């Protein structure tokens with residue numbers, strides 16, 4: 001009796017079935033499959049991408065290069081990079097916060113090389129797992145489905161698919177280079193007219209960073 005009443009209440013509510021949804025391209029999605037299949041590891045923060053994000057900012061990259069070549073003080077780094085002392089301090093503070101540089105008691109700074117080695121090993125493992133879970137066939141299928149004639153016609157609601165598309169867009173930007181917003185818009189407009197949404201997605205998902213009207217790569221797939 002109680003079970004029958006509960007069924008009637010569900011039927012009368014007019015609620016849509018939770019088993020069927022729609023992608024932004026209008027295609028029907030089986031949500032049972034989406035629930036049963038966990039997001040790929042690429043949706044989680046990865047150590048390698050965190051470090052690449054630290055190195056993607058040009059000033060920080062120059063400071064790291066100076067440290068790798070033996071500089072240890074702000075004066076040394078300033079002389080080797082040509083950066084202002086204030087800029088060096090700001091870059092060092094971010095690198096220290098990110099765990100890539102440590103400052104000793106005497107005030108000198110040094111690169112944590114073991115951090116890079118660990119990240120490289122984890123990146124290799126993560127890449128292998130991702131290839132086993134999805135593989136190039138999955139990426140090709142997602143790109144084929146949402147691109148037509150080189151243009152992005154819609155953005156998927158499923159995060160794993162959306163990340164494939166955003167990673168593809170991020171390849172249009174050179175690592176270590178700063179782009180003014182105008183240049184970012186020009187590049188993204190080649191794929192879709194809604195450049196504001198694409199910019200926001202790239203920043204929100206950690207594939208690009210933004211500061212003072214400039215953008216730069218901070219994540220995604222990098223050729224090494």
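By average Cβ neighbour count within 10 Å, what is the ranking of 165-171, 180-186, 97-103 from highest down?
With the highest mean Cβ count within 10 Å placed first, the list reads 165-171, 97-103, 180-186.
Would you report the distance distribution of C-alpha pairs in segment 151-224 as whole percents per 5 angstrom bin, up to the bin with the largest distance?
3, 17, 32, 27, 15, 6, 0
Which FRET efficiency, nearest 0.05, do residue 190 and residue 157 yield, Cβ-Cβ r, R0 25 Å?
0.60
How far apart, in nm, are the 7 Å Cα→Cβ label points at residue 110 and residue 212?
Label at residue 110, label at residue 212, 3.2 nm between them.
Please compute the modelled spin-label separation between residue 204 and residue 174, points set 7 Å along Cα→Cβ, answer in nm with one decimal.
The modelled label-to-label distance comes out at 3.0 nm.
Give me the distance in nm between label points sitting 7 Å out from Cα along the Cα-to-Cβ direction at residue 79 and residue 103, one decimal.
Using points 7 Å along Cα→Cβ, the separation is 2.1 nm.
Full extension from residue 86 to residue 182: what is 0.36 nm times the residue separation minus their Cα-Cα distance, to one decimal in nm? Don't skip to the end; give the middle numbers.
On the way: separation 96, 0.36 × 96 = 34.56 nm, distance 2.75 nm.
Full-extension gain reported as 31.8 nm.
The numbers here are math on the coordinates, done by the rules we state, and not lab data. Note that the structure is predicted; figures quoted are calculated from it, not measured. In this analysis, Cβ positions are derived from the backbone assuming ideal geometry, glycine residues included, and neighbour counts consider all displayed protein chains.
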